[in-house]
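Taking it in order: structure first as structure tokens, then the write-up.
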Amino acid sequence: MIAVIGGGASGTLATITLLREAAGRRLPLRVALIDRHGRHGLGRAYSTTHPAHLLNSPVGAMSALADDPGHLTRWAAQAGLPQDGFLPRSAYGRYLTELLAAAERSAQPAARVSRITSQVVAIRRGSHGRALRLHLAADGRIDADAAVLATGNLPPVPPCPVPQGDRYIADPWEPGALDAAPDGSPVVVLGTGLTMLDVAIALTDAHPRTTVHAISRHALLPREHNWPRPAAAVSAMPVIRRPGGTLRITRLIRDFRASAAAYPGDWQDIVDALRLQIPRLWEQLPEADK
Ligand SMILES: Cc1cc2nc3c(=O)[nH]c(=O)nc-3n(C[C@H](O)[C@H](O)[C@H](O)COP(=O)(O)OP(=O)(O)OC[C@H]3O[C@@H](n4cnc5c(N)ncnc54)[C@H](O)[C@@H]3O)c2cc1C
């Protein structure tokens, strides 16, 4: 039994990888995919249902399968969705959920996944032949041979003292967090990045007379993508051409900045090109740098 804690993109992709491995080697496998909010296949980023909450990268750069970069583009075509540009995040959630279901079907009957909605509150040494015992908030327990921690980022910390009460929303991505906000009263958003845009879209859609004020230290807004863009000149980037061996994060950042400075096109091309290389580069980083 493998317990995957967190049902977001990371936990889902880890489960898909385990299922594919089990199917390929005809191994029996049980996976418990545990998410405290029941957001299996979705997590924080892809559980929004608002159609104007978009992915921050184009379709061609968001395949969930490292060995098949065109996978999402083909899925989008079959689903009748645009094959370039930026998909709604809810569509990406559907993509991940369907991918998980397909991996389950291919690995059955030897491999199975149970989706559990509960919060893991402790992991202790196990007994009865299992290495680990997971304790769930709802008093349950799961005995597992291994656990994958895919719990995402830590919740945001308040940037200054804040009043208690329902007029301060610490995390807009918690389920139902914004439900009480669009009542026509003005709303202040701390931060002027993509989450601010998503929050403003959701609030003003629900109540068009809501005024949203966004505050940040430099009042910098997200820059528009130039779109459509030519394919990135991947081979021109030293960081991408780096062969095997150990890589230091400082070196990676220096190479990245140098590539961006020397590249005549948009710096976003370099981010997109780097994205496809992340698994390999991650493997090359020493533990301390990860
Ligand atoms: C609003 C938003 C939009 C984003 N858009 C993009 C995008 O367009 N493209 C992109 O590449 N990246 C995007 N990201 C980055 C995104 O975080 C990653 O792409 C990816 O979705 C992270 O997945 P994750 O599984 O690591 O984390 P999460 O999605 O945070 O999933 C972690 C899950 O673990 C669960 N969990 C946590 N603790 C426990 C516990 N103790 N017990 C049980 N369950 C637990 C949580 O409920 C959550 O569902 C976005 C992020 C956010 C917040």
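The values are calculated or read from the model by the stated rules, or taken from the named source; none is laboratory data. Predicted, not measured: the structure shown is a model, and the values here were computed from it. Neighbour counts run over all protein chains shown; Cβ positions are idealised from the backbone, glycine included. With ligands, DNA and RNA removed, areas are computed over all heavy atoms of the protein, side chains included. Shrake-Rupley method; radii C 1.70, N 1.55, O 1.52, S 1.80 Å.
Details
- Qualifying position, being surrounded by 14 or more Cβ atoms within 10 Å (Cβ to Cβ), within 14 Å of the ligand (Cβ to nearest atom), hydrophobic (A, V, I, L, M, F, W, C) and closer than 28 Å to Glu21 by Cβ, among Ala111, Ala107, Ala91: Ala91
- Residue in region 94-102 that is among the charged types (D, E, K, R), open to solvent by 30 Å² or more (accessible area, probe 1.4 Å) and either under 23 Å from Leu19 (Cα atoms) or in contact (Cβ under 8 Å) with a residue 12 or more places away in the chain (or both) present: yes
- Residues of region 28-79 that are part of a helix (DSSP H, G or I) and in contact with a Ser or Thr (Cβ under 8 Å, 6 or more places away or on another chain): Val59, Gly60, His71, Leu72, Thr73.
- When region 169-211 is filtered for residues that are open to solvent by 40 Å² or more (accessible area, probe 1.4 Å), aliphatic (A, V, I, L, M) and more than 16 Å from the ligand (Cβ to nearest atom), the ones remaining, listed by number, are Ala180, Val188, Ala206.
- Restricting Ser57, Ser118 to those that are over 30 Å from Met196 (Cβ atoms) and either within 15 Å of the ligand (Cβ to nearest atom) or not aromatic (Phe, Trp, Tyr) (or both) reduces the list to Ser118.
- Verdict on Gly93 being within 24 Å of Pro222 (Cα to Cα), assigned by TED's automatic domain parsing to the domain that holds Leu132 and assigned to a helix (DSSP H, G or I): yes
- Sub-8 Å Cβ pairs linking a first residue in region 254-271 that is open to solvent by less than 60 Å² (accessible area, probe 1.4 Å) to a second residue that is in a helix (DSSP H, G or I) and acidic (Asp, Glu), at least 6 apart or interchain, are Tyr263/Asp269, ordered by first then second residue.
- Among the criteria (1) in contact with a Pro (Cβ under 7 Å, 6 or more places away or on another chain); (2) within 7 Å of the ligand (Cβ to nearest atom); (3) of a type in the set (Gly, Ala, Ser), the one Ser63 does not fulfil is (2).
- Among the residues of region 125-168, those identified as within 14 Å of the ligand (Cβ to nearest atom), open to solvent by 70 Å² or more (accessible area, probe 1.4 Å) and touching a strand residue (DSSP E or B) at 6+ places or on another chain (Cβ under 7 Å) are Arg141, Leu149, Thr151.
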